[in-house]
Amino acid sequence: MANVPGARGTARPATTNPHPATGNVPLVLSGANVVMPTGTVEGGRLVVEGTRIAGTAPENAQVIDVKAHWLIPGFIDIHNHGGGGASFTSGTVDEVLKGIHTHRLHGTTTLVASTVTGDMDFLAQRAGLLSELAEQGEIAGIHFEGPFISPCRKGAHSEELLRDPDPAEVRKLIDAARGKAKMVTLATELPGGIDSVRLLAEHGVIAAIGHTDATYEQTVEAIEAGATVATHLFNAMPTLGHRAPGPIAALLEDERVTVELINDGTHLHPASLQLAFHHAGADRVAFITDAMDAAGFGDGRYMLGPLEVEVADGVARLVEGGSIAGSTLTLDRAFKRAVTLDGLSVEDAVAALCANPARLLGMDDTVGSLEPGKDADLVLLDSDFDLKGVMRRGEWVVDPQLG
Ligand SMILES: [Zn+2]
């Protein structure tokens with residue numbers, strides 16, 4: 001971690017967008033089940049003009065037949081630490097871009113880059129690097145997961161680097177992110193936790209409750225102070241007890257809170273996912289990957305911040321202690337699981353992967369739904385819900401090679 005190069009100002013590599021643009025020829029994607037905010041239009045059509053979705057097709061538009069496919073908005077991941085062998089916490093600019101691109105190949109067109117616990121100077125340096133990528137439009141912003149988390153629920157974070165959430169230090173981090181800090185995960189029950197939640201809320205940064213040992217009552221207090229997200233609900237927090245309901249009950253019951261869920265089949269039992277979905281409702285769930293470097297890459301040894309991780313059969317665990325250390329999930333798999341194994345409707349899965357995170361990030365005027373005027377960010381799936389195409393801002397990232 002000490003020798004991470006400060007690669008600020010490095011030119012954007014050609015690998016960011018190796019696929020041909022649509023050449024500015026307007027496109028009509030015709031015949032698919034198009035999932036709109038108002039419901040699914042069978043045999044519908046979607047017009048893409050330039051970087052945006054358009055209302056009507058100009059005469060010179062190229063028509064592409066996508067019958068028997070689903071057209072849904074591009075996925076939005078608000079909690080993601082890396083992929084393609086690259087870490088957002090320690091990679092160079094080129095490596096971070098490779099990680100972003102790996103997730104784009106799996107349909108994630110909007111991504112908030114997450115860091116793991118590090119020392120404050122290091123995190124401020126990462127904030128500088130990542131904020132430049134946010135300014136270039138490569139990521140939607142930065143999520144700091146730690147260092148203000150509970151040693152009792154540290155998961156795959158270095159215990160010696162954890163600290164209480166001092167509002168002055170929280171302020172330093174969000175200043176280092178130059179307006180691009182989107183979210184901070186903290187254990188709000190620690191000294192300074194509630195004041196830090198207030199500070200984040202005042203600065204328009206999402207205060208997310210996570211890696212926490214809070215009681216039900218302490219969690220209610222944090223929500224009252226302005227916390228609006230549950231960081232990977234169920235994971236790294238006390239379980240739901242009948243006399244001590246803990247944070248889970250408080251986070252599920254409050255309509256102001258969006259709950260993150262890692263739908264990889266490892267982090268959650270399907271019944272727990274169902275419980276959260278039924279209790280919070282489809283509008284308050286955000287599926288995340290919490291992905292680490294191995295996502296879209298493969299098994300092997302990796303570093304998560306300063307900690308060594310072994311990935312076997314797609315499950316990432318700390319070498320020491322065996323805690324689950326992020327996931328190797330991509331959101332196309334999360335979507336397919338949701339509709340084929342969890343029994344969610346396509347519309348509810350789209351809400352959890354697109355519309356809800358867009359609203360949470362304050363980006364629902366440009367992304368998160370297929371509506372004229374919004375960015376042409378979309379995912380094309382076949383009838384088995386396997387990914388066939390990805391378009392970001394009007395350009396194919398994965399070209400479906402149709403028509
Ligand atoms: Zn995480």
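Contact annotation: residue pairs with Cβ atoms under 8 Å, 6 or more positions apart or on different chains, pairing a residue in the stretch 68-85 that is within 11 Å of the ligand (Cβ to nearest atom) and aliphatic (A, V, I, L, M) with a partner that is in a strand (DSSP E or B) and open to solvent by 10 Å² or more (accessible area, probe 1.4 Å), are I78/K182. The single condition among (1) in contact with a Pro (Cβ under 9 Å, 6 or more places away or on another chain); (2) of a type in the set (F, W, Y); (3) not in a strand (DSSP E or B) that W396 does not meet is (3). Quick check on I248: is it away from the ligand (no atom under 16 Å from the Cβ) and more than 20 Å from G362 (Cβ to Cβ)? When the stated conditions are applied, I248 passes them.
Scan the stretch 178-204 for residues that are of a type in the set (A, V, I, L, M, F, W, C) and either surrounded by 24 or more Cβ atoms within 10 Å (Cβ to Cβ) or within 16 Å of the ligand (Cβ to nearest atom) (or both) and the total you get is 7. Here V170 does not fit the description of being in a helix (DSSP H, G or I) and over 24 Å from the mean Cα position of the chain (by Cα). Looking at the stretch 283-379, the strands (runs of 3 or more DSSP E) lying wholly inside it that each contain 3 or more residues that are at pLDDT 95 or above sit at 285-288. Within the stretch 269-282, residues that are among the hydroxyl-bearing types (S, T, Y) have Cβ atoms under 8 Å from residues that are crowded, with 17+ Cβ neighbours inside 10 Å in these pairs: S272/F234, counting only partners at least 6 apart in sequence or on another chain. Among residues of the stretch 139-168 that are in contact (Cβ under 8 Å) with a residue 24 or more places away in the chain and of a type in the set (S, T, N, Q), those with a beta-carbon under 9 Å from a residue that is more than 15 Å from the ligand (Cβ to nearest atom) and open to solvent by less than 10 Å² (accessible area, probe 1.4 Å) at least six positions away or on a different chain give the pairs S150/A214.
This table checks each residue for (1) touching a residue at least 60 places away in the same chain (Cβ under 8 Å); (2) assigned by TED's automatic domain parsing to the domain that holds L105; (3) open to solvent by 10 Å² or more (accessible area, probe 1.4 Å); (4) away from the ligand (no atom under 16 Å from the Cβ).
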position: F297; (1), (2), (3), (4): yes, yes, yes, yes
position: A334; (1), (2), (3), (4): yes, yes, no, no
position: A338; (1), (2), (3), (4): yes, yes, no, yes
position: N356; (1), (2), (3), (4): yes, yes, no, yes
position: P372; (1), (2), (3), (4): yes, no, yes, yes
position: L387; (1), (2), (3), (4): yes, no, yes, yes
position: M391; (1), (2), (3), (4): yes, no, no, yes
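The set of residues in the stretch 105-125 being assigned to a helix (DSSP H, G or I) and free of Cβ contacts under 8 Å to residues at least 40 places away in the same chain consists of D121 alone. All conditions but one from (1) within 16 Å of the ligand (Cβ to nearest atom); (2) in contact with a strand residue (DSSP E or B) (Cβ under 6 Å, 6 or more places away or on another chain); (3) not aromatic (F, W, Y) apply to T330; the one that does not is (2). Here T102, T108 are screened, and the one residue that is within 16 Å of the ligand (Cβ to nearest atom) and closer than 23 Å to G296 by Cα is T108.
Table: residues versus (1) closer than 25 Å to C354 by Cβ; (2) part of a helix (DSSP H, G or I).
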residue: V197; (1), (2): no, yes
residue: A207; (1), (2): yes, no
residue: E221; (1), (2): no, yes
residue: H242; (1), (2): no, no
residue: A250; (1), (2): no, yes
residue: R256; (1), (2): yes, no
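Does D94 satisfy the condition of being of a type in the set (D, E, K, R), assigned by TED's automatic domain parsing to the domain that holds E145 and modelled with pLDDT under 95? Taking the combined requirement at face value, the residue does not satisfy it.
Let's see how each residue does on (1) among the polar types (S, T, N, Q); (2) open to solvent by 10 Å² or more (accessible area, probe 1.4 Å):
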| position | (1), (2) |
| --- | --- |
| L27 | no, no |
| G31 | no, yes |
| R45 | no, yes |
| I53 | no, no |
| T56 | yes, yes |
| Q62 | yes, yes |
| K67 | no, yes |
| W70 | no, yes |
| G74 | no, no |
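Note on the stretch 303-315: among residues that are open to solvent by less than 50 Å² (accessible area, probe 1.4 Å) and in contact (Cβ under 8 Å) with a residue 60 or more places away in the chain, the one that is nearest to F122 (Cα to Cα) is G305.
Being β-branched (V, I, T), open to solvent by 20 Å² or more (accessible area, probe 1.4 Å), touching a residue at least 24 places away in the same chain (Cβ under 8 Å) and not assigned by TED's automatic domain parsing to the domain that holds R393 is not true of T102.
Does V259 satisfy being open to solvent by 30 Å² or more (accessible area, probe 1.4 Å), of a type in the set (A, V, I, L, M) and under 27 Å from A351 (Cβ atoms)? No; evaluated as a whole, the condition is false for this residue. Can you name the residue in the stretch 128-157 that is small (G, A, S) and either within 16 Å of the ligand (Cβ to nearest atom) or not in a helix (DSSP H, G or I) (or both) and is also farthest from V397 (Cα to Cα) among such residues? For the stretch 128-157, the residue satisfying everything is S150.
The values are calculated or read from the model by the stated rules, or taken from the named source; none is laboratory data. Computed from a predicted model, the values in this text were never measured in an experiment. As a convention, Cβ positions derive from the backbone with ideal geometry for all residues, glycine included, and neighbour counts pool all protein chains shown. These accessible areas exclude ligands, DNA and RNA; they are computed on the full protein's heavy atoms, side chains included. Shrake-Rupley method; radii C 1.70, N 1.55, O 1.52, S 1.80 Å.
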